[in-house]
Amino acid sequence: MGSPHITIHQKAFRPYLSAAALDEAVTALAARLSADYAGREPLFVVVLTGAFMFASDLLKRMTEPCEIVFIRVASYEGTASSGVVQEILGLREDVQGRHLVVVEDIVDTGTTMHQLLPTLLAKGPASVEIATLFSKPASLRHDIALRYVALEIPNDFVVGYGLDYDGLGRNLPDVYVAV
Ligand code: 5GP
């Protein structure tokens, strides 16, 4: 059963999570979000590119009215000693007073979300939560609240269902793990 091993850029991956298992986890998460955000008209902020497939499946299962925007996150070193600066590309909506749900593919070390959240909070939303397909609790290095996690996975490199290995693998309906 299951699909065979695959090779991407000369690297071997084995089947890890089937499309059916992903569907079950995403459906359960959508039910929680639908209940929690009923009557609040949340604005889902989907972080491209990795979250596109997860977002599509998650949001078509939302039973409550909601809005959806897509953003990209650009990181660059600050000019002075400010360290990494996070810029949000594509967020033209006024998020003041809105309930935001950031839709991510993976929270790994948590650095991306740790940098993105203050930038979003500075725009004055009513609330901000994170909905992520995967989290890797063993590699989390920042104190960030992950309220909506579809699946917790070990600290391994995965591809498929939107996630890539050097550009390839995003189209795969199942998730594979590096061997
Ligand atoms: P963080 O900032 O939380 O360390 O990393 C988040 C980003 O790293 C994710 O949005 C994703 O792009 C990338 N990433 C982390 N782990 C994996 C993985 O197992 N597979 C893939 N394809 N990307 C990953």
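The values are calculated or read from the model by the stated rules, or taken from the named source; none is laboratory data. Note that this is a predicted model, so its numbers are computed, not measured. For neighbour counting, all protein chains shown are included, and Cβ atoms are generated from backbone atoms with ideal geometry for every residue, glycine included. These accessible areas exclude ligands, DNA and RNA; they are computed on the full protein's heavy atoms, side chains included. Shrake-Rupley method; radii C 1.70, N 1.55, O 1.52, S 1.80 Å.
Remarks
- Check on V73, at pLDDT below 85, over 16 Å from E129 (Cα atoms) and hydrophobic (A, V, I, L, M, F, W, C): no
- Residue list for segment 56-74, restricted to those being assigned to a strand (DSSP E or B), away from the ligand (no atom under 16 Å from the Cβ) and open to solvent by less than 70 Å² (accessible area, probe 1.4 Å): V69
- The strands (runs of 3 or more DSSP E) found wholly in segment 94-179 and carrying at least 1 residues that are open to solvent by less than 40 Å² (accessible area, probe 1.4 Å), farther than 27 Å from E41 by Cα and more than 8 Å from the ligand (Cβ to nearest atom) occupy 175-178.
- Some residue of segment 78-91 being open to solvent by 50 Å² or more (accessible area, probe 1.4 Å) and modelled with pLDDT of 95 or more: no
- Residue ID - most open to solvent (accessible area, probe 1.4 Å), chosen from residues in segment 1-55 that are in a helix (DSSP H, G or I) and among the hydroxyl-bearing types (S, T, Y): T27
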